Amino acid sequence: MNGFEAAGTQVRIDDNTLREEVSDPAALAAWCAENPTDPRTVAYLRMLGRLDEAAIAGRDALEAPGLSPVMRAVRRTRYAHVLQWQGAFVPAEEQFDLAAEETGLEDPTSPSSLSVLAAVFQHRAKCRFEHALAARDEQREESAHGLWDAALEDARRALLMRERLGVAEQSVLASSRQTVARLERRDLTA
């Protein structure tokens with residue numbers, strides 16, 4: 001199980017579901033209450049399962065004036081991740097696609113733009129993974145397999161980009177490897 005720290009709270013990513021599990025939800029909720037306008041609050045509310053609040057915070061974060069395209073892509077990715085957790089897979093994927101476009105609007109060859117693009121690909125992979133599981137549950141096997149293949153392609157692309165950039169933290173690389181490993185198992189169960 002891969003993990004990271006969010007606002008002083010340990011978060012682990014489940015190897016099977018690829019979803020975050022917060023070790024101290026009360027502490028993270030307190031941080032969100034103290035920092036309601038911090039853009040990271042969107043992700044933290046999502047991890048706490050407070051999806052309606054996270055969606056509102058995500059839309060508000062996107063409306064902030066003066067955002068660079070890369071920063072807008074980061075915020076759009078957080079918002080898309082909320083949509084994913086709400087089960088709104090198509091709108092989430094549309095937001096991920098827009099975020100990918102935004103990363104190239106400043107300097108498409110800069111390490112920061114490429115790093116954000118890798119993050120967009122990884123999160124879009126997780127969205128497509130969950131979308132594939134939903135399609136399987138709806139007996140849409142062909143669609144499920146197509147989504148799974150697209151998810152694996154995105155996950156591999158994210159990992160390759162992060163490895164080649166050479167600027168990603170070990171935890172970020174571990175997260176990408178975890179996503180690729182899960183998708184390579186090719187079992188449509190979560």
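Data table
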item	result
Residues within segment 92-133 that are open to solvent by less than 50 Å² (accessible area, probe 1.4 Å), over 13 Å from the mean Cα position of the chain (by Cα) and within 17 Å of Leu62 (Cα to Cα), tallied	2
Subset of segment 158-190 (residues that are in a helix (DSSP H, G or I), open to solvent by 30 Å² or more (accessible area, probe 1.4 Å) and within 17 Å of Leu18 (Cα to Cα))	Ser171, Val172, Ala174, Arg177, Ala181, Glu184
Residue within segment 136-146 that is crowded, with 20+ Cβ neighbours inside 10 Å, of a type outside the set (D, E, K, R) and in a helix (DSSP H, G or I) present	no
Residues of segment 1-21 satisfying the condition of being among the hydrophobic types (A, V, I, L, M, F, W, C) and under 23 Å from Leu133 (Cα atoms)	Met1, Ile13, Leu18
Filter result (among the polar types (S, T, N, Q) and either over 13 Å from Glu53 (Cα atoms) or open to solvent by less than 70 Å² (accessible area, probe 1.4 Å) (or both)) within segment 23-39	Ser23, Asn35
Subset of segment 65-85 (residues that are surrounded by fewer than 17 Cβ atoms within 10 Å (Cβ to Cβ) and under 13 Å from the mean Cα position of the chain (by Cα))	none
Single residue of segment 77-131 satisfying the filter (in contact with a Leu (Cβ under 6 Å, 6 or more places away or on another chain) and charged (D, E, K, R)) that is nearest to Ala64 (Cα to Cα)	Lys126
Filter result for the condition that a residue is touching a residue at least 40 places away in the same chain (Cβ under 8 Å) and either closer than 15 Å to Gln178 by Cα or not hydroxyl-bearing (Ser, Thr, Tyr) (or both), over Leu117, Leu152	Leu117
Cβ-Cβ under 6 Å pairs, at least 6 apart or on other chains, segment 30-51 side over 14 Å from Gln84 (Cβ atoms), far side of a type in the set (A, V, I, L, M, F, W, C) and assigned to a loop (DSSP other than H, G, I, E, B)	Trp31/Ala7
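The values are calculated or read from the model by the stated rules, or taken from the named source; none is laboratory data. None of the values given here were measured: they were computed from a predicted structure. Cβ sites come from the backbone with ideal geometry, for glycine too, and all protein chains shown count toward neighbours. Side chains are part of the model used for accessible areas, which takes the heavy atoms of the whole protein and leaves out ligands, DNA and RNA. Shrake-Rupley method; radii C 1.70, N 1.55, O 1.52, S 1.80 Å.
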